[in-house]
Amino acid sequence: MLTLEEIFPPFALRIACGPVELRVLRDDDLPELVELVRGGIEDPDLPMPFLLDWHAQPFSLGAPHGFPTTSLAWWWTQRATFAPGEWRLALAVRRDGALVGMQDLHARGLAETGVVATGSWLGRAHQGIGTGTLMRQLAVGFAFDELGASRCESGYVVGNHASAAVSRKVGYSDNGLHRIVQRTRQGVAGVDEHRVVVTPATFVRPSDDIAVEGADALRRFLGIDRGLEGVSPINR
């Protein structure tokens, strides 16, 4: 019988280093993920980090609106719209086996632009011990080594010094300010987002070895034909 990994190759992806492992989000992860969100994501002393305060919506289990239903729709939509021209990888982050956060990779026209966007969050109970830096390093390294990206872009709301610190540690540099719109229960507001960019030349890699599985199948699925040049030799 065919496996889910054969039917949907992103499910075969595994990126790991030390105690941290990244895999594409599966339905089996959802109960643990919902509980993680309910435990808190946002630091009350920092700016709200998202375009929409999805994490703060009323908990309405089994209801058509509120959390987690609206978030489930978003996570499932990413699979339904997966295509070589535009894709999102929602990577569940585990540390020592426990689900601690999410790391996203998003590309539109990767073959033409060479650009991959990154975004991430951690449960509050798991912040401040280096996981945020390592998971970003794994995502960026994967984009460069396995997908052939020439740059990775990200951003954080001005005043979010925790996200700024992670970006610096990974090798991101300033890429200007951008005005964005945030939507919360208090209303709609415009805020400044600090854009950052990292390239292979500025990227700070983790000190430990990285293990990657499933990259070949993912590249075929995305129509990425890079041969062997420039591709990481690990689990090619």
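Listed values, structure above:
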quantity: Odd one out for ALA117 among (1) closer than 24 Å to PRO200 by Cβ; (2) in contact (Cβ under 8 Å) with a residue 24 or more places away in the chain; (3) out of contact with any His (no Cβ under 6 Å at 6 or more places or on another chain); calculated: (3)
quantity: Test: LEU61 is among the aliphatic types (A, V, I, L, M) and either modelled with pLDDT of 95 or more or within 19 Å of the chain's Cα centre (by Cα) (or both); calculated: no
quantity: ARG183 at pLDDT below 90 and within 26 Å of TRP87 (Cα to Cα); calculated: yes
quantity: Members of the stretch 70-109 found to be in contact with a Pro (Cβ under 8 Å, 6 or more places away or on another chain) and within 19 Å of CYS152 (Cβ to Cβ), listed by number; calculated: LEU89
quantity: Qualifying residue in the stretch 141-149 (condition: in a strand (DSSP E or B) and either under 15 Å from the mean Cα position of the chain (by Cα) or within 26 Å of ASP216 (Cα to Cα) (or both)); calculated: no
quantity: Residue, farthest from the chain's Cα centre (by Cα), within the stretch 4-17, restricted to residues that are surrounded by fewer than 16 Cβ atoms within 10 Å (Cβ to Cβ) and under 25 Å from ALA98 (Cβ atoms); calculated: LEU4
quantity: All positions within the stretch 163-183 that are touching a residue at least 40 places away in the same chain (Cβ under 8 Å) and exposed (fewer than 15 other Cβ atoms within 10 Å of the Cβ); calculated: ILE180, VAL181, ARG183
quantity: Filtered residue count, the stretch 129-158, keeping only those that are more than 19 Å from GLU86 (Cα to Cα), touching a residue at least 12 places away in the same chain (Cβ under 8 Å) and of a type in the set (Gly, Ala, Ser); calculated: 3
quantity: Filter result for the condition that a residue is modelled with pLDDT under 95, over 23 Å from PRO10 (Cα atoms) and small (Gly, Ala, Ser), over GLY227, GLY128, GLY223, GLY171; calculated: GLY128
quantity: Close pairs from the stretch 1-21: first touching a residue at least 40 places away in the same chain (Cβ under 8 Å), partner in a strand (DSSP E or B) and not β-branched (Val, Ile, Thr), Cβ under 6 Å, at least 6 apart; calculated: ARG14/ARG23; ARG14/GLU213; ILE15/LEU22; ALA16/ALA211; PRO19/ARG95; VAL20/ARG95; GLU21/ARG94
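The values are calculated or read from the model by the stated rules, or taken from the named source; none is laboratory data. Predicted, not measured: the structure shown is a model, and the values here were computed from it. A quick note on method: Cβ atoms are made from the backbone with ideal geometry, for glycine too, and the neighbour counts reach across all protein chains shown.
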